[in-house]
Structures are given as structure tokens and as C-alpha cells.
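Please treat every number below as a calculation from the coordinates, not as lab data. This is a predicted model, so every value here is computed, not measured. Counting neighbours? That spans all protein chains shown, and the Cβs are built from the backbone with ideal geometry, glycine included.
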Number of protein chains: 2
Amino acid sequence: MKVAFIIYEGMTALDFIGVYDPIARLKTMQFLPELEWEICSLTPHVSDDRGLGFIPTKVSECLSGYDLIIVPGGVVANVYNLIETTDFIQWLKTSESSKLKVSVCTGSLLLGEAGFLKGKKATTHPNHFQELEKYCDAVVNQRVVDEKDVITARGVTSSIDLGLYLCEKFAGNEVKEKIRQRMDYQSII
Amino acid sequence: MKVAFIIYEGMTALDFIGVYDPIARLKTMQFLPELEWEICSLTPHVSDDRGLGFIPTKVSECLSGYDLIIVPGGVVANVYNLIETTDFIQWLKTSESSKLKVSVCTGSLLLGEAGFLKGKKATTHPNHFQELEKYCDAVVNQRVVDEKDVITARGVTSSIDLGLYLCEKFAGNEVKEKIRQRMDYQSII
């Protein structure tokens with residue numbers, strides 16, 4: 001399985017790292033040794049919404065070769081800025097053939113703008129349910145909403161719940177529990 | 001208040017980002033506009049324990065000017081490697097005069113090696129309670145252990161609880177609750 005962690009200027013770091021931690025443990029704890037991932041960005045330099053710099057491993061490359069695309073959210077003004085002023089959505093659309101696309105927080109607005117939420121249920125940060133409505137069939141107030149090929153998670157820290165949910169989906173409950181314990185996390189879904 | 005987020009080769013990203021998110025919100029949500037922070041490293045390049053690159057804002061600078069020092073953990077082999085093969089502990093000791101030093105997960109072994117846990121109670125990841133014993137007065141199985149000038153948090157995701165605990169300490173319960181809600185987090189301490 002090939003995973004693309006999408007990062008972009010103005011994202012919220014915890015949206016990204018919360019799901020990155022459990023997913024990467026599928027490989028580092030040797031449950032899915034064949035798992036591979038890249039940190040994918042449209043730009044060579046990425047800072048989060050508070051100025052923290054991250055280094056991508058792939059810049060401006062087509063996303064069609066990945067099985068799983070993971071899109072974090074950000075302060076909503078940054079997300080709209082991304083939609084309005086860059087080629088980000090065109091780039092995100094190159095992942096159309098990917099089997100599974102997931103988002104955290106306002107990342108679902110980006111999936112929506114790319115057209116990936118049409119006819120689906122989805123969620124986002126509770127402060128932004130209204131903005132999500134136009135992109136999807138119904139906005140759902142749940143921590144994780146699974147629509148098979150698209151899974152969305154609610155606010156910032158739901159990223160961790162999404163990650164553990166995906167661990168269970170890919171490797172079963174026992175593996176998910178081992179990862180959860182290693183993360184010293186108490187599941188709330 | 002000046003905060004130093006310490007980062008180092010082989011750290012666990014979520015240990016750092018879990019506490020960084022709520023602490024930085026004290027400023028971005030304008031509760032403590034005078035708060036400042038730096039991302040401090042001994043080396044110009046830092047990758048986490050899975051290869052993710054971070055960009056520090058201060059490299060190899062004395063830590064004595066900070067009020068709060070925050071030390072993440074990492075896979076324990078990486079932490080011992082840091083202790084045995086680099087000047088990291090000497091560098092960390094330059095924070096001796098800082099009013100408050102906190103750690104997440106195996107970061108407490110680094111605080112311990114620097115001598116900051118002498119006569120204190122402390123915690124770390126449950127898998128490493130034994131390694132912590134020699135550095136402190138007593139190892140405590142709690143998510144956050146507050147010894148006034150030193151606060152330690154347990155495993156990886158306890159970083160978030162530590163961050164919210166510090167928000168309450170610095171700005172009160174009402175502010176902490178607003179940050180917790182914005183993070184869409186259900187407190188477990």
C-alpha cells in the first residue's frame with residue numbers, strides 16, 4: 001500500500017501528525033512492512049498555520065500512484081486561500097483514481113472542492129458544518145464518517161481516531177489495539 | 001512568556017505536535033498575545049523517528065533565555081543514542097535556569113539525564129517506567145505529573161493532555177476549555 005500524506009502552506013500540524021503517527025506505526029511496528037508513504041506537497045516549502053516548517057519528500061508530483069490520500073485541514077481562511085489562489089485543487093484531483101481518500105477537519109472542504117464528496121455523507125470541524133453542505137449529500141456530526149472510498153474526520157484531534165480507525169480497517173482490531181496502547185491513547189469512538 | 005519547543009533527530013513527532021497545538025493556540029486565539037516560541041534544535045536538520053523532516057528556528061543556541069522548555073520523547077533506542085553520542089544533554093542543561101521544564105513520553109529520560117528530576121516524582125511511557133527510576137524520586141503512573149518546576153507526561157498522546165494542562169495553568173480553566181473545544185478533544189484527565 002502506498003500512502004500520500006498531503007501537506008500545504010497554512011495547514012494545522014496536528015491534523016497531519018495525528019493520523020501520521022498510527023498509520024506509520026503499521027510499518028515501524030512491522031504489522032504491514034510493505035506499507036510505503038510520501039509527504040507530498042505542491043510547493044517545496046511548507047509551513048503550518050503557526051509558522052512551523054515541514055520538509056516534503058515529493059513536490060508537485062502526480063498523485064495517481066497512491067492507494068490512500070490523506071488531507072489535513074487548516075484555519076478555514078487558509079483553506080479558502082488555497083482553493084482560490086493556487087493550483088492545489090487541480091493537483092488534488094490527480095488522486096481521483098486512488099482507492100481511498102481521507103480528510104481531517106477542514107480538509108474535507110478540499111476533498112469537496114475537488115468533487116470527491118458528491119453524493120456522500122461527510123464531516124468537518126463543528127465550526128464549519130455549514131461550509132461543507134454544498135459539497136456533499138449530508139453533513140454528519142460524527143468523529144469519523146466512513147463512505148467506503150472516502151472517509152472524513154471531524155475536528156483537529158479526530159485525526160488520531162481516524163488513524164486508528166484506518167489501522168483497524170487495514171490490519172484488524174488486534175493490531176489497532178496494539179498501536180493504540182503504544183500511543184497511550186484512550187479511544188473515544 | 002518565551003517557550004522553547006526542543007526537537008531532535010529520532011524524536012516522535014506526535015510528542016512534539018500534541019503539546020505544540022494547544023500552547024500555540026494561547027497566542028493564535030489571542031489569549032496570551034505576548035507568548036513567543038522557538039523551535040530549538042542542536043542540529044540544523046531534524047527528522048523524526050520515521051524520517052519526517054522538520055525545520056528548527058534556532059540551532060544550537062543557549063536555552064537559558066526561555067521560561068518554558070518542552071522536550072518530546074522518541075523510540076527509546078534513539079533517546080539513548082542521543083544521550084551517548086551527542087552533546088544534547090550538555091545543551092539541554094543550558095535550560096537549568098528556566099522556570100518550567102516539561103517532557104512527554106521518554107523525553108523524561110532526557111530531563112533525568114540532565115539532572116532535572118532529582119528528588120521529584122515523574123512519569124514516562126508505561127513501557128519505560130523502569131528506565132526512569134534511577135533519575136527521580138518516584139515513578140508515577142499518571143498522564144500528567146506536576147512537580148511545580150518540572151511537569152512530565154506519560155505516553156505519546158498524553159502530549160495533548162499536557163498541553164491543555166499547561167493552558168489551564170497559564171490562562172485558567174475557561175481558556176483551556178475554549179482551546180479544547182477548538183481542538184475537538186475530549187479530555188481524559
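Descriptive notes on the structure:
- For the rotation carrying B onto A, the chain B residue whose Cβ lies nearest the axis, with the distance in whole Å, reads B:Ile17, 2.
- Near B:Ser159: Cβ cut-off under 11 Å, other residues only, Lys/Arg at +1 and Asp/Glu at -1. The net charge is -3.
- Hydrophobic, long helices, defined as DSSP H runs whose alpha-carbon span along the helix axis is 24 Å or greater and whose mean Kyte-Doolittle value is at least 1.6, do not occur in chain A.
- Short to long, the 5 Å bins of the Cα pair-distance histogram for the stretch A:1-82 hold 3, 15, 25, 25, 18, 9, 4, 1 percent of all pairs.
- Length released on extending from A:Glu96 to A:Cys62, taking residue separation times 0.36 nm less the Cα-Cα span: 11.2 nm
- 26 Å tail of the calculated P(r), the protein assembly as shown, as % of Cα pairs: 48 percent
- Its Cα centre serving as origin, the stretch A:1-146 has a Cβ charge dipole (Lys and Arg +1, Asp and Glu -1) of approximately 340 debye.
- Loop-located trypsin sites (Lys or Arg not before Pro) in the stretch B:79-150, at most 15 other Cβ atoms within 10 Å (DSSP): B:Lys99, B:Lys118, B:Lys134, B:Lys148
- Annotation for B:Gly10, label-to-label distances across the other copies: 3.9 nm (shortest first, one decimal, point 7 Å from Cα along Cα→Cβ).
- Beta bridges per DSSP, both residues in chain B: antiparallel share near 25 percent.
- Largest to smallest principal axis extent of the C-alpha atoms in the stretch A:2-182, angstrom: 42, 35, 31
- Theoretical ellipticity at 222 nm over chain A - DSSP helices of four or more residues, -39500 (n - 2.57) apiece, nearest 500: -10500 deg cm²/dmol
- Note on the stretch B:136-189 and the stretch A:47-118: Cα centroid distance 31 Å, given to the nearest whole angstrom.
- Scattering profile of the stretch B:41-104 at q = 0.12, 0.14, 0.17 Å⁻¹ [log10 I(q)/I(0), Debye over alpha-carbon scatterers]: -0.31, -0.43, -0.64
- Zone residues, the stretch A:105-133, relative to A:Met1, backbone N less than 18 Å from point 7 Å out along Cα-to-Cβ: none
- Pairs over the 19 Å Cα-Cα cut-off, from the set B:Lys58/B:Lys118; A:Lys2/A:Lys169; B:Lys2/B:Lys93; B:Lys58/B:Lys178; A:Lys101/B:Lys178; B:Lys27/B:Lys169: B:Lys58/B:Lys118; B:Lys58/B:Lys178; A:Lys101/B:Lys178.
- Candidate aspartates and glutamates - alpha carbon under 16 Å from B:Lys99, same-chain residues fewer than 8 apart omitted: B:Glu36, B:Asp67, B:Asp146, B:Glu147, B:Asp149
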